[in-house]
Amino acid sequence: MSPKRGDDVPPPPVADEWRLRFATNDAAKGWGDLCTEAPGNTRRCYEALRSDPLSMSDPDRQHRLRGRLATASLGGAEYPQWEYEVTAGGRVRYLVDQVKRTVYLVHASPRHPKDTDT
């Protein structure tokens, strides 16, 4: 998604930070919704993903998904899929490309995803 007039300017990664990219337009819209509804928590999510998207230090908040959601494909490649709990219902799902040190946001929403309700 190319930036346009009026968009926020994302800071570039520095030192050992990871690059964050939207994988879908829905993720970009959902991220905006999270920023509006829970700016502090969304900022903490942003900082966590920028610094260590594979962190296991707080598994209730940030963890790799299991089962059929453990991996997802993007651009023909398969990546591990993780989730960050921004609020009680709000989630960010992301894929981790360790080679490129890039985190692809595939889902962001202030509402809990329905696919885990099974």
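When the Karplus curve 6.51 cos²θ - 1.76 cosθ + 1.60 is applied with θ = phi - 60°, which whole-Hz ³J(HN,Hα) does each residue of segment 34-48 get, with x for Gly and Pro?
Per-residue couplings from phi come out as 4, 4, 6, 7, 9, x, x, 5, 5, 5, 5, 4, 3, 5, 5 Hz.
When you count, for each residue, the other Cβ atoms within 10 Å and take the mean per peptide, how do 21-28, 50-57, 64-71 rank with the highest first?
Final packing ranking: 21-28, 50-57, 64-71.
Give the carbon-plus-sulfur fraction of the accessible surface of the chain in %, rounded to a whole number; probe 1.4 Å, heavy atoms of protein chains only.
The computed percentage sits at 50.
Each residue of segment 83-99 in turn: what ³J(HN,Hα) in whole Hz from Karplus with 6.51, -1.76, 1.60 and θ = phi - 60°, glycine and Pro shown as x?
These are the phi-based 3J(HN,Hα) values: 9, 10, 8, 7, 9, 3, x, x, 9, 10, 9, 8, 10, 10, 9, 5, 4 Hz.
I need the phi-derived Karplus couplings for segment 72-77: 6.51 cos²θ - 1.76 cosθ + 1.60, θ = phi - 60°, integer Hz, Gly and Pro marked x.
For segment 72-77, the Karplus curve yields 8, 9, 8, x, x, 10 Hz.
Could you sort 37-43, 9-15, 105-111 so that the peptide with the highest average Cβ count within 10 Å comes first and the rest follow in order?
Result, highest mean Cβ count within 10 Å first: 105-111, 37-43, 9-15.
Starting from the amide H of VAL86, placed 1.01 Å from N in the peptide plane, find each other amide H under 5 Å away whose residue is 5 or more places distant or on another chain.
It is ARG91, VAL92, by chain and number.
If you count only protein heavy atoms with a 1.4 Å probe, what accessible area per residue comes out for the chain, rounded to a whole Å²? Intermediate results must be reported in sequence, preceding the final value.
Details: 7460 Å² over 118 residues.
It amounts to 63 Å² per residue over the chain.
Taking amide H atoms as placed 1.01 Å from N in the peptide plane, list the residues 5 or more away in sequence, or in a different chain, whose amide H sits under 5 Å from that of LEU20.
VAL103
The values are calculated or read from the model by the stated rules, or taken from the named source; none is laboratory data. Model, not experiment: these values are computed from the prediction. With ideal geometry, Cβ positions are generated from the backbone for all residues, glycine too; neighbour counts draw on all protein chains shown. Just the protein is used for accessible areas: all its heavy atoms, side chains included, with ligands, DNA and RNA removed. Shrake-Rupley method; radii C 1.70, N 1.55, O 1.52, S 1.80 Å.
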